[in-house]
């Protein structure tokens with residue numbers, strides 16, 4: 001009888017363990033598929049499925065960083081489409097995304113995914129609560145360190161995302177931390193990659209910094225970049241570029257009026 005019980009324990013354990021492992025793997029594959037389809041609803045669904053996978057395997061590195069990625073993409077999408085109550089949702093989803101990114105960092109500190117998506121989720125959280133609130137909560141150093149670590153590990157990660165993100169960080173962080181020259185340095189580096197021509201936001205970010213730095217040459221370069229960005233089929237970025245172009249034109253008219 002004892003021999004039978006020992007046999008049962010030894011050979012039944014894999015039977016109970018394997019289905020759980022396979023289930024988590026299936027959830028991960030399903031969530032990846034939803035994420036790749038894109039769109040607000042699919043990003044939200046992917047979060048729910050990643051969470052199911054994490055329930056089965058809470059310490060899985062890949063599932064944690066991908067879950068953080070979906071939180072960030074969902075927050076960014078509802079902001080760009082100005083979904084009702086997006087500020088509150090960005091605060092909520094950004095904070096959750098930070099948590100899963102931190103979990104990924106704990107599991108694999110020498111890979112860029114967790115560091116990168118931690119920084120981006122702080123950005124989403126800041127969109128919801130304001131940058132000043134995020135600073136008051138001590139998130140400036142954590143964000144800077146995370147993005148710099150991602151840059152150090154692989155600056156070409158996610159289509160040169162660490163370059164672009166560090167440029168944006170230094171451009172939007174409030175005084176006395178704001179550093180337009182540092183922002184320009186990272187944007188110029190990003191500009192040399194093929195992704196600069198393929199994606200619209202880099203053009204707008206660079207144009208904003210050039211306008212902030214002032215000077216005739218900077219202004220002309222910014223205008224050229226914004227004219228290209230204004231032709232984007234992404235409404236959010238197209239309207240952003242058009243707003244900046246109108247601002248440039250209004251400034252010019254004001255100066256001409258004063259001179260006359």
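Here, each number is a calculation from the coordinates, and none is a lab measurement. As the structure is a prediction and not an experimental result, all values here were calculated from the model. So basically every Cβ, Gly included, is an ideal-geometry build from the backbone, and we count neighbours across all protein chains shown.
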Using alpha carbons only, how many angstrom separate the centre of the range 67-101 from the centre of the range 210-238? 27 Å
Using alpha-carbon pairs under 8 Å, 6+ residues apart, how would you state the relative contact order of the range 130-260 in percent? 14 percent
How large is the convex hull of the C-alpha atoms of the range 135-260 per residue, in Å³? 126 Å³
FRET efficiency (residue 55, residue 108; Cβ distance; R0 25 Å; to 0.05) is 0.80
What number, in percent, do you get for the relative contact order of the range 77-160 if the mean sequence gap of Cα pairs under 8 Å and at least 6 apart is divided by its residue count? 30 percent
For the pair residue 80 and residue 152, what calculated FRET efficiency results from E = 1/(1 + (r/R0)^6), where r is the Cβ-Cβ distance and R0 = 25 Å, to the nearest 0.05? 0.30
The range 115-204, relative contact order in percent, only Cα pairs under 8 angstrom and at least six apart counted: 21 percent
Given [x] 7, 24, 32, 19, 9, 5, 3, 1, 1, 0, 0; [y] 7, 33, 40, 18, 1; [z] 7, 29, 34, 21, 8, 1, which label gives P(r) over Cα pairs in 10 Å bins from 0, in percent as computed from the coordinates? [x]
Between residue 220 and residue 142, the two model label points (7 Å from Cα along the beta-carbon direction) sit apart by a distance in nm of 4.6 nm
What distance in nm separates the two pseudo spin-label positions at residue 194 and residue 87, each 7 Å out from Cα along the beta-carbon direction? 4.2 nm
Helix-only [θ] at 222 nm, the chain, -39500 (n - 2.57) per DSSP H run of 4+, per residue, nearest 500, equals -28000 deg cm²/dmol
